[in-house]
Amino acid sequence: EKQRKADITNAKKALGKETAAIKKVYKKQEQKIKKFEQAIAKMEKAEDQADDKRKKVDEAMEEKIRNSVARRKAIASEVREEKDSCNLIEARLQYLENLEQMLGSAATASMGAGAGSEDLIMSHATALDYSG
C-alpha cells in the first residue's frame with residue numbers, strides 16, 4: 001500500500017511537471033502566434049497603404065491623360081479654326097486676284113467700250129466691300 005501511494009504521488013509529481021512543461025510550450029506557441037498575427041497585420045497595413053498610393057498615382061495619371069486629351073482637342077480645334085480662317089483668306093485672295101484680272105480686262109475694254117465698264121468696276125468694288 002505504501003508503495004502504491006508512493007507511486008501515485010510520484011505519478012502526480014511527474015504529471016504536474018509534464019503539465020507545467022506543456023503549459024510552458026503552449027505559452028511560447030501563443031506568443032509566437034501573437035507575433036505572427038502582428039506581423040501579418042503590419043504587412044496588411046503596408047499593402048493597404050501601397051494600394052492607396054497606387055490608386056492615387058493611377059488617379060493622377062488618369063487626370064494627366066484627361067488633361068492631355070483635353071489640351072490636344074483644344075489645340076486641334078484651334079488648328080481647325082486657323083485652317084478655316086486660312087481657307088477664307090485664300091478664297092478672299094482668289095476673289096481679289098480674279099477681280100484684279102477682271103478690272104484689268106475692264107480697263108482695257110473701257111478704252112473702246114465707254115462708260116459701261118465703269119459700272120462693272122463699281123459693282124465689283126461694292127461686292128468687295130460687302131464680302132470681306
Search result, residues across region 23-37 that are open to solvent by less than 100 Å² (accessible area, probe 1.4 Å) and of a type in the set (A, V, I, L, M, F, W, C): VAL25, ILE33
Is it fair to say ASP7 is modelled with pLDDT of 95 or more, surrounded by 10 or more Cβ atoms within 10 Å (Cβ to Cβ) and part of a helix (DSSP H, G or I)? no
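The values are calculated or read from the model by the stated rules, or taken from the named source; none is laboratory data. As the structure is a computational prediction, the values presented were derived from the model and not from experiment. Please note: Cβ atoms are built from the backbone with ideal geometry, for glycine as well, and neighbour counts cover all protein chains shown. Protein only, heavy atoms only, side chains kept; ligands, DNA and RNA dropped before computing areas. Shrake-Rupley method; radii C 1.70, N 1.55, O 1.52, S 1.80 Å.
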